[in-house]
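Okay, so here's the structure we're looking at.
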Amino acid sequence: MNKLAGRLMWLMLGSLGVSSDDVKWASPKKDGTQEGCAALQMNSYPACPDPDRAMGLAAHTDSTILTVLHQSNTSGLQVLREGARRWTTVPPHPGALVVHVGDLMHILSNGSYPSVLHRAMVNRTRHRLSVAYLYGPPTSVKISPISKLVDHSHPQMYRPITWTEYLGTKAKHFDKALTSVRLCAPRTGFVDTNDHSSVRVG
């Protein structure tokens, strides 16, 4: 999972023209593993006879760089689609994983990769399970927009912050966490997802 998360992160950063010279802490090790911290979160959503009156997991963005999610064969994950302002179910597929862009990738990319607002719904008759691999940077590393992605037309949108500090900010401000570390308004075409605006499906 560490290798997978690192590979995905570099595919995303590489698409922005970022190299390992630009993000020293994120350079892959010789064995292919990735420097960073991670956690595994296991979620259980029992069947609910009246799902309209219950919420499996409230709408939120992840505090991670990336979250790699495995779902059981019961639907429940929903994302808010960019521009549509409606929730869309992400159906489970055997052998497939779902990848969420997290708030720290949002910061690292200076808003080029918006974090994904998502939620989990309960099922009327079926128990649902999910396993999330939460990938982030080393705890001592301050995450801020990569300098290569900052210029006169694209000012630095967020202040430097460690993952530990950001988790504390998220606990305090929840859906306004990104806004609380923002230095300037998003550039045209990108909206801070923690302002409850539409987001890109990751």
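Only the coordinates and a few stated rules stand behind these numbers; no lab work does. Just so we're clear, the structure is a prediction, and the values are computed from it rather than from any experiment. Methodologically, a virtual Cβ is constructed for each residue, glycine included, from the backbone with ideal geometry; neighbour enumeration extends over all protein chains shown.
Quick one: helix 2-14 against the long Cα principal axis of the chain, what's the angle to the nearest 10°, folded into 0 to 90?
In the chain, helix 2-14 runs at an angle near 60 degrees to the longest axis.
Around residue 102, which amide H atoms from residues at least 5 apart in sequence, or from another chain, sit under 5 Å from its own amide H, with H modelled in the peptide plane?
Placed amide hydrogens put 66, 67 under 5 Å from residue 102.
Can you tell me how much longer the chain between residue 29 and residue 86 gets when fully stretched, taken as 0.36 nm per residue apart minus their C-alpha distance, in nm with one decimal?
16.4 nm
Which whole-Hz ³J(HN,Hα) couplings does region 57-64 yield from phi under the Karplus relation 6.51 cos²θ - 1.76 cosθ + 1.60, θ = phi - 60°, glycine and proline marked x?
Result, rounded to whole Hz: 8, 5, 4, 6, 10, 7, 7, 7.
Report ³J(HN,Hα) in whole Hz for each residue of region 176-184, in order, from the Karplus equation J = 6.51 cos²θ - 1.76 cosθ + 1.60 where θ = phi - 60°; Gly and Pro get x.
Couplings: 10, 4, 4, 4, 6, 10, 7, 9, 8 Hz.
Applying 1/(1 + (r/R0)^6) with R0 = 30 Å to the Cβ-Cβ distance of residue 151 and residue 97, what FRET efficiency is obtained, to the nearest 0.05?
The formula returns an efficiency of 0.30 here.
So between residue 173 and residue 54, what do we pick up on full extension, going 0.36 nm a residue minus the alpha carbon distance?
40.5 nm
Along region 135-149, what does the Karplus equation 6.51 cos²θ - 1.76 cosθ + 1.60 (θ = phi - 60°) give for ³J(HN,Hα), rounded to whole Hz, x for Gly and Pro?
10, x, x, x, 4, 8, 7, 8, 9, 8, x, 5, 4, 5, 9
What value, in deg cm²/dmol to 500, does the helix sum -39500 (n - 2.57) over DSSP H runs of n ≥ 4 give at 222 nm once divided by the residues of the chain?
Rounded to the nearest 500, it is -4500 deg cm²/dmol.
Which percentage, to the nearest 5, of the DSSP beta bridges contained in the chain is antiparallel?
The antiparallel proportion sits near 95 percent.
Could you name the lysines in cross-link range of residue 24, using Cα to Cα under 21 Å and dropping any fewer than eight places away on the same chain?
Here the lysines satisfying the reach criterion relative to residue 24 are 3, 142, 148.
Rank these for me by crowding, 37, 184, going from fewest to most other beta carbons within 10 Å.
So the ranking, lowest neighbour count to highest, is 184, 37.
Could you put 148, 29 in order, starting from the residue whose Cβ has the fewest other Cβ atoms within 10 Å?
29, 148
Using the number of other C-beta atoms within 10 angstrom as an exposure proxy, rank 103, 62, 22 with the fewest first.
Details: 103 29, 62 26, 22 14.
Fewest-to-most ranking of 103, 62, 22: 22, 62, 103.
Measure nothing but the geometry: give the 0 to 90° angle between the long axis through the Cα atoms of 163-173 and the longest principal axis through the Cα atoms of the chain, rounded to 10°.
That works out to roughly 50 degrees.
With point charges of +1 on the Cβ of Lys and Arg and -1 on the Cβ of Asp and Glu, referenced to the Cα centre of the chain, which listed residue (111, 171, 122) lies farthest in the positive direction of the dipole?
122
So if I place +1 on the C-beta of Lys and Arg and -1 on the C-beta of Asp and Glu, and nothing else carries charge, what would the dipole magnitude of region 42-129 be about its Cα centre? I want it in debye, nearest 20.
Dipole magnitude for region 42-129 comes out near 280 debye.
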